[in-house]
Structure formats: structure tokens, C-alpha cells
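The values are calculated or read from the model by the stated rules, or taken from the named source; none is laboratory data. All values reported here derive from a predicted model rather than from experimental measurement. Here the Cβ positions follow ideal geometry from the backbone for every residue, glycine too, while neighbour counts run over all protein chains shown. SASA here: full protein model, heavy atoms, side chains in, ligands and nucleic acids out. Shrake-Rupley method; radii C 1.70, N 1.55, O 1.52, S 1.80 Å.
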Amino acid sequence: RWLFDQAVCTLYAFCGVLFGLCSLASLTVLSTVCCLKVCYPAYGRCWGALSDPHSHPSLAPLARWGSYGPEPYGTACCIAWEASSREAALYILALLIFCYLLPCLLILLSYALILWTVWASRRAVRQH
């Protein structure tokens, strides 16, 4: 069971969500910058110094949009996935779309464009 009070549970869950989202955001920015540098070298220099790639939807439960609570087994805390209100369900849906599906799609698209560019340039070299 969770050994600490609700405030520590909220802090623990907040840190877990924040670091997870920052990690995925960093990977998304990295793949996008790599794609720009490989596929569009003229524009790649402009995007090399993206300032802060991290969005902070982890703050939403602290503002009462969604919530943090114990996981089903009760040994740790995370987002309360069982939505107790319409706002909580919208927060979970927003997390799914904007913090998981969209970054994953951008990563896949970036690496697909890199592979296509490398394949096309390799084919062009072979034809010469």
C-alpha cells in the first residue's frame, strides 16, 4: 500500500508524469530536428536551437483538471485513470492525443522521411 499521505502521492505522480512527458517531448523534438537536417538541410540550421520542447500538461491535475491518486495496486501514485468527471475524462483524452499519439506520429513520420531521403539519394548515386 502507499505509505505516505496524499500530498506526497500528488508530488510523486506529478514528477512521474512530468518526466515521462518531457522525455517523449525531447525524443519528438530530436527526431524532428534530425529529419529537418537530413531531409531539408537548408532549413535544418534554423531549427537546431529549439528553446523549450517540453509542454507541461502534468500541471493540469494540480489545477483540478484531472487528478492524481494511487495506482490500482496501491503501491505508487499516478494519474487517476478512472475518470470521475467529464473534466477528468477530457484530460485523459487530451493526454492520449496530444502527449502520446501526436508525438509518436511525429517521430514515426520523421524517421520515415529520413529513410525515404536516404533511399532516394542512394538510388540517385547508383544511377550516376
Legend entry - Largest to smallest principal axis extent of the C-alpha atoms in the chain, angstrom: 69, 27, 25
Inset, instruction - Would you grab the residues whose amide H sits under 5 Å from the one on residue 66? Only those 5+ places off in sequence or on another chain, please, with H modelled 1.01 Å from N. - result: 88
Inset, instruction - Order these peptides, 89-95, 27-33, 111-117, by their mean beta-carbon neighbour count within 10 angstrom, highest first. - result: 27-33, 89-95, 111-117
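Could you report the chain's accessible area per residue, 1.4 Å probe, as an integer in Å²? If you can, show how the numbers build up before the last one.
On the way: 9050 Å² over 128 residues.
I get 71 Å² per residue for this part.
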Inset, instruction - Describe numerically, in nm with one decimal, the distance between label points set 7 Å from Cα along Cα→Cβ at residue 40 and at residue 7. - result: 4.9 nm
Inset, instruction - Using just the alpha carbons, could you tell me how many Å³ per residue the convex hull of the range 1-41 encloses? - result: 46 Å³
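Please identify the longest segment of the chain free of exposed trypsin sites (Lys or Arg not before Pro), where exposed means a DSSP state other than H, G, I, E or B and no more than 12 other Cβ atoms within 10 Å.
Values: sites that count: 1, 64.
Here the longest segment lacking exposed loop sites spans 65-128.
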Legend entry - Under 5 Å, built H, 5+ apart or other chain: amide partners of residue 71: 76, 77, 78
